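Trainee: Right, I'll just put the structure down here and ask away after.
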Amino acid sequence: MSIEFIIIGFLVGGLVGLTGVGGASLLTPFLIFFGIHPAMAIGTDFAYNAITKMFSAFQHIRQKTVNFQLVKYLAIGSLPSAIVANLTFYYFFSHYYNENLMILFLGFVLIIISAIALIQLIFIRKINSPWRLKHITEKRTITIIAGIIIGAVVGITSIGAGSLFALFILFFYNLKSSEVVGTDVVHAFFLVSITGLLMAGYGHIDYGLTGNLLVGSIPGTIIGSKLTKKLSSSIIRVLIILIILVSGIKLIMNT
């Protein structure tokens, strides 16, 4: 049993439970930095995140901080997209795929989007997107399209299940911060679970490493989930944006 991986699991799990983001975009580059093969790091990350998000999802469901209609619309697009992207890549294009280039690209995307969101939060104070005022049924199509696009990225890299969807929800939906986190976590659980099963089939999961991470992450994610109803809305929103920003920087630094 590795105490450093248990501590990392606890910290990452706590962030996932509290904000819904930061799991893959923090853990995957960390594992690669410690010498884990990228494919194995991605597969292990899927397994870790699936179980971590399961405990966090149960807690958010108990707290009634989940918008299930939004979860459904996101999943309609993301689940089949992630499956198709994952199967297509690992069966046909893995020999030609540049893992570092994809992680570098995603890192820049996370930095740019989070920087814009942070500036908007500080100087504008309120997101004035007209989409936030529309009823959820009016946003069904754009939500499904977002699910398709982001789901494909997650299916290949494991990164973005929390952070990219959280940014989408923040911009397009007028939800309480606790509901943003809860909805994001529940949807991400379904997304990483189904893709994790595919990675298990390829043999790309280090189960011993996953176990060490989970020893710390399970209590961490439960504690983090409970804190979402105790911290103020503004604090959680700033945390979400800062974690995405740090994740983007970390991705670039580790490529």
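Trainee: Mean-square fluctuation check for the chain, GNM, Cα pairs under 10 Å: which of 212, 86, 100 is largest?
Mentor: Looking only at 212, 86, 100, the biggest GNM fluctuation is shown by 100.
Trainee: Once the mean 1/r over all distinct Cα pairs of region 3-253 is inverted, what Kirkwood radius in angstroms do you read off?
Mentor: Hydrodynamic radius (Kirkwood, Cα only) of region 3-253 equals 17.7 Å.
Trainee: Just the ratio, please: alpha-carbon radius of gyration of region 118-205 over 2.2 N^0.38 Å, N its number of residues.
Mentor: Against the compact-globule rule of thumb, the ratio is 1.24.
Trainee: Let me ask something additional. Too long at a 23 Å Cα-Cα cut-off: which of 134/176; 176/226; 72/230; 64/176?
Mentor: Checking Cα-Cα distances, 72/230 exceed 23 Å.
Trainee: Helix 99-119 versus the longest principal axis of the chain: what is the Cα-based angle in degrees, 0 to 90, to the nearest 10?
Mentor: On a 0 to 90 degree scale, this one is about 20.
Trainee: I would also like to ask the following. Let me know the whole percent of all Cα-Cα pairs from region 130-174 that are separated by more than 15 Å.
Mentor: Across region 130-174, Cα pairs with separations above 15 Å total 42 percent.
Every read-out reported here was derived from the displayed coordinates using simple, explicitly stated rules and does not represent laboratory data. Remember, it's a predicted structure, so these values are computed and weren't measured experimentally.
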